[in-house]
Amino acid sequence: MSSLKSRLSIVSCVASGCLLIALGAASAYDGSPRSRSASRDAGSEVGKSAPMQGQENPEEDELTLELGEEGLTLVPAETKESSESVEVAEPGEGEGDVELFGAGTAMPWTTVGSAGIVDEADLGIVEFSEAHAMIKAPQGLFAPANLDLRYNIVSVDGLVQGLPGFRMTVRYRDNGAGARVIVRLKEHNYFTGAQATLMTFDSDAFGANAAIQTRQIDGCNVSFDFNNKAYFLDVTIQKTLTYGTPLLSAVALRAQICIP
């Protein structure tokens, strides 16, 4: 009978977490009062962590009861903790991540200065270097020069968002009174031949700088209609004094909500 009681104790204690105590009691119980006392002591001892071989301080180690496919097993608590999965943030989920044009924003149309088509009258004065377009260093006496370039604009998601405005970003150099960079956004109607200037960037509207800089302008009520019109940039790089070193590095266009 005592053996049956011990088995019932084991079954009933599984849900309450006292399986180890019940096992200790079953091993020490023989029906006598003394045995009952010993059973309680044994149960309390079994409930403690058993020292593992090679450990100098068993008091700091804990065992955890786990139910797996092979039944109930005891495993060190640190083993269980090390097996827990750790969630790793995917790229772009961290708080420190920064996106140039904002999450979910369609990318802009872009070009570099050296990708432009040179006006045939200016082929002798143009110089391309990496992304830059500039006026070639003069030979002999200095003469003022205007370099005209054109850049075809194609339809991309960032230009057909249906937003009432656009931003033009220009990277250029204007080192003072002897230099100037002008970028005009123009449209040409396929059917009528009508042509119009939609936006104009003028480097003289910003401070001069001997280094290359990036500036932006916004145009309200500007939209693209590629079904009926073609678009291009008409660029003029002007050098009017000997020390002028104007150049164009890059241009970007993208739709945005414009507040006049």
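Here are a few things to note about the model shown:
- Per-region count, the range 209-242, residues under 30 Å from A194 (Cβ atoms) and assigned to a loop (DSSP other than H, G, I, E, B): 8
- Evaluation of E90 against (1) modelled with pLDDT of 95 or more; (2) surrounded by fewer than 18 Cβ atoms within 10 Å (Cβ to Cβ) (one fails), failing number: (1)
- Among the residues making up the range 146-175, those that are over 20 Å from F201 (Cβ atoms) and not β-branched (V, I, T) are S155, D157, Q161, G162.
- Any hit, the range 107-130, residues being surrounded by fewer than 16 Cβ atoms within 10 Å (Cβ to Cβ), within 21 Å of Y243 (Cα to Cα), in the same structural domain as G219 (by TED's automatic domain parsing) and of a type in the set (S, T, N, Q): yes
- Subset of the range 148-167 that is at pLDDT below 95 and part of a strand (DSSP E or B) - its residue that is farthest from the chain's Cα centre (by Cα): G165
- Test: residue in the range 169-180 that is without any contact (Cβ under 8 Å) to a residue 60 or more places away in the chain and in the same structural domain as I237 (by TED's automatic domain parsing): no
- Condition check for V222: within 20 Å of W109 (Cα to Cα), of a type outside the set (F, W, Y), at pLDDT below 90 and out of contact with any helix residue (DSSP H, G or I) (no Cβ under 6 Å at 6 or more places or on another chain): yes
The values are calculated or read from the model by the stated rules, or taken from the named source; none is laboratory data. Since we're looking at a predicted model, the values are computed, not measured. Ideal geometry is used to build each Cβ from the backbone, glycine not excepted, and the neighbour counts take in all protein chains shown.
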